[in-house]
1. So, in Å, what gap is there between the alpha-carbon centers of the stretch 178-253 and the stretch 35-91?
2. Calculate, in nm to one decimal, what I239 and T29 gain on full extension: separation in residues at 0.36 nm each, minus their alpha carbon distance.
3. Compute the signed sum of charges (Lys and Arg +1, Asp and Glu -1) over the other residues within less than 10 Å, Cβ to Cβ, of D209.
4. Go ahead and set up a Gaussian network model of the chain, Cα springs under 10 Å, then flag whichever of S66, S221, S108 fluctuates most.
5. List the relative contact order of the stretch 83-163 as a percent without decimals, with contacts defined as Cα pairs under 8 Å and 6+ residues apart.
6. What are the principal axis extents of the Cα atoms in the stretch 52-134, in Å, biggest first?
7. In a Gaussian network model over the chain where Cα atoms closer than 10 Å are linked, find which of A113, A84, A144 has the largest mean-square fluctuation.
8. Can you pull the three principal axis extents for the Cα set of the chain, in Å, largest first?
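The values are calculated or read from the model by the stated rules, or taken from the named source; none is laboratory data. The structure displayed is predicted, hence computed values, not measured ones. Note: ideal-geometry Cβ built from the backbone for every residue, glycine included; neighbour counts use all protein chains shown. The accessibility values were calculated without ligands, DNA or RNA, using every heavy atom of the protein model including side chains. Shrake-Rupley method; radii C 1.70, N 1.55, O 1.52, S 1.80 Å.
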Amino acid sequence: MNVLGCLHLQKECTSSSEVMCCEFNKDGTMVATGLSNGLIQVFHSTTGNLLYQLGDDTMPRYPVVSLRFKRDDDDNSVKNILLATYASGTVCHWHVSTQTCISKIRESRQTLAVAFAPDCSTFTTAGTDRRLLVYDEVTLQLQATLEASINTQVMDGHASRVFSLKYHPTDPKLLISGGWDDTVQFWDTREKHSIRKISGPHICGDAMDIEPTTCRIATGSWRKENNIQIWDFDTCKLIKTVYSELLDSRVSNLQCLDANLWRSVVALRD
């Protein structure tokens, strides 16, 4: 493994199959990996020890393509809930500590992305059919379907598959999505169609994030030029293209760590 830049390899975790996605829990003590064989392995982030393995024999072994930990803020809520999506279109809530699937939704598409609202009242999924589906977190009932209109004169939604979703850090009605059609679409869950867009980023994985202090957007594109960029949430204007060791590399995963977005990007590259 080659480590570039000001990075230190703390621990290497060995999974039983190819890793498709990964997600840290909110306090950073655990990291969950979604595997191509349909299993989820959860490791201790410091020791690298395998803590839990999540798998359901009743489900086909399709790749795990997206993972999100639910925030543990409510003292009365169940802790360590992990939301997972599978290439089969299955969406599962896992209780990590007991290695139990506590709910399951089956969508008629490949479900490639998922995100919790900041208050965890809802979650949204997206995938190969270009639509965003908003669910109530408690009842699991579909609340809204967000998609492009039939008007061919405007692009108020996606024209191809969607790979990444992120909610606004404080507003549970606002979220962004990105995918193969070289756009980042902005959504208000009270509106059926996108309210504005950024043109340019070619998103092919979980390669978007919103910095919670400034609300700036970081995008990682699957291309060798202009692959990491910073955007203003309100105006959609490009703030900065980040030049680093990742120049001449294709970015498939990205996460911001603090307000200095261009200094705190984690990416997987070709």
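1. 26
2. So the extension gain works out to 72.3 nm.
3. Combined, the nearby Lys, Arg, Asp and Glu give 0.
4. Residue with maximal mean-square fluctuation among S66, S221, S108: S108.
5. Contact order relative to length: 20 percent.
6. Reported extents, whole Å, longest axis first: 37, 29, 15.
7. Per the Cα network of the chain with a 10 Å cutoff, A144 tops the list.
8. Sorted largest first, the three principal extents are 49, 45, 35 Å.
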